[in-house]
Amino acid sequence: MMAWTDSDRAWQRWGETEPYFGVLAADRFRKASFAENREEFWHLGDAQVAERLAAAEREFGPVPRDRALDFGCGVGRLSLPLARRFGQVVALDIAPAMLDEARRNADAAGLANLCFARSDDALGEAGGRFDFVMSFIVFQHIPVRRGMRVLGAMLDKVDRGGVAALDLCIDRRDTPAQALRYWAQRHVPGLHALFNRARGRPVGEPFMQMNAYRLDAVETLATSLGFGPAVVATVTHGRFMTAQLIMRRDEIPVS
């Protein structure tokens with residue numbers, strides 16, 4: 001079975017079993033303890049949207065507030081805050097159970113300006129162009145070769161003068177032993193279940209990929225699509241380094 005298929009199936013499984021933990025992998029967001037941590041979960045999403053929009057407007061001036069796209073929306077952690085700031089939001093995810101939960105959350109919040117749809121590699125359900133495109137802690141779960149194709153389709157949805165805000169893992173900083181274990185958990189049947197058992201987790205809990213992208217390749221792709229230089233901030237989480245990028249599309253290349 002190809003790794004990209006495993007990634008899709010794993011995300012669908014997270015949506016069915018632990019949707020909030022699947023979005024933010026901290027034990028306090030598992031079903032057993034989510035109720036007392038619900039407010040924090042939504043606050044973190046709202047703060048992230050507010051901070052990225054503020055950073056974009058510091059760099060590029062006012063961002064038009066007509067349409068926004070949330071790629072890999074999960075349960076709507078970023079989609080709902082975006083809907084409070086934009087006229088229309090399109091939110092895409094690969095997992096039907098995630099989309100169902102996101103719709104319930106939007107209904108509970110009284111937000112009617114959201115369209116939730118199943119994602120594909122061409123983002124075919126996201127018609128037209130967008131003033132603001134956002135994706136956080138999503139691409140790391142997609143194998144890089146496939147992810148770069150999806151990223152190109154996503155960036156091409158940004159309108160001229162619009163902004164993309166991305167979060168990407170760019171370095172795993174694995175020791176040789178850690179790299180070998182990661183490869184084996186992805187490719188050796190049954191091994192991940194054994195690791196789950198050893199950690200006291202459900203044996204059938206899916207493997208969560210953490211793929212690192214080359215920052216220079218992402219920037220080259222963006223430049224080819226008419227984006228100006230990216231503003232990049234790096235953040236270290238244990239042995240993982242992530243890059244947060246904001247960039248404005250100055251031109252739409254003629255095909």
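Below, the figures for the structure above:
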| read-out | value |
| --- | --- |
| The range 9-56 shape via C-alpha gyration tensor axes, a/c threshold 1.5 | oblate |
| FRET E, pair Glu39, Leu194, Förster distance 35 Å, beta-carbon r, rounded to 0.05 | 0.45 |
| Only Lys, Arg (+1) and Asp, Glu (-1) charged, at Cβ; the chain dipole about Cα centre in debye | 580 debye |
| Tensor-based shape of the range 1-84 (alpha-carbon gyration tensor, a/c under 1.5 rounded, otherwise prolate or oblate) | oblate |
| Size of charge dipole - the range 132-255 - debye, nearest 20, with Cβ of Lys, Arg +1 and Asp, Glu -1, no other charges | 580 debye |
| Farthest positive-ward along the range 179-224 dipole, Cα basis, beta-carbon charges - from Ala184, Ala198, Met210 | Ala198 |
| Net charge of neighbours whose Cβ lies under 12 Å from the Cβ of Glu125, counting Lys and Arg as +1 and Asp and Glu as -1 | -1 |
| Structure-based [θ]222 nm, the chain - -39500 (n - 2.57) summed over DSSP H runs of at least 4, per residue, nearest 500 | -12500 deg cm²/dmol |
| Between the range 186-255 and the range 31-58, the alpha-carbon center distance in angstrom | 20 Å |
| Stokes-Einstein D (µm²/s) once Rh is taken as the Kirkwood radius of the range 120-241 over alpha-carbon pairs, at 25 °C in 0.890 mPa s | 150 µm²/s |
| Length released on extending from Ala109 to Glu57, taking residue separation times 0.36 nm less the Cα-Cα span | 16.1 nm |
| Selection from Ile137, Leu245, Gln88, by position along the positive dipole direction of the chain (Cβ) | Ile137 |
| Simple Cβ-charge dipole of the range 60-128, Lys/Arg +1 and Asp/Glu -1, about Cα centre, in debye nearest 20 | 340 debye |
| Simple label model, 7 Å out from Cα along Cβ direction - Trp183 to Leu221, nm | 2.4 nm |
| Distance (nanometres) between label positions extended 7 Å along Cα→Cβ at Arg149 and Ala233 | 3.3 nm |
| Compactness of the chain, expressed as Rg and Dmax over alpha-carbon positions, Å | 18.0, 54 |
| In nm, spacing of pseudo-spin labels at Ala122 and Ala47 (7 Å Cα→C-beta vector) | 4.1 nm |
| Whole-number percent relative contact order across the range 92-210, with pairs defined as alpha carbons under 8 Å at least 6 apart | 22 percent |
| Relative contact order (percent, whole number), the range 153-214, Cα cutoff 8 Å, 6+ residue spacing | 39 percent |
| The chain, relative contact order in percent, only Cα pairs under 8 angstrom and at least six apart counted | 18 percent |
| Ranked by how many other beta carbons lie within 10 Å on average, peptides 98-106, 194-202 from highest | 98-106, 194-202 |
| By average C-beta atoms within 10 angstrom, highest first, the peptides 116-123, 69-76 | 69-76, 116-123 |
| Val203-Phe240 FRET efficiency (beta carbon distance; Förster radius 22 Å; 0.05 resolution) | 0.30 |
| Ordering of 218-229, 239-250 by burial proxy (mean other Cβ atoms within 10 Å per residue, highest first) | 239-250, 218-229 |
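Every number here is computed from the coordinates shown, using simple stated rules; none is lab data. Because the structure is predicted, anything quoted here is derived from the model rather than measured. Neighbour counts are summed over all protein chains in view; Cβ atoms, including those assigned to glycine, are modelled from backbone coordinates with ideal geometry.
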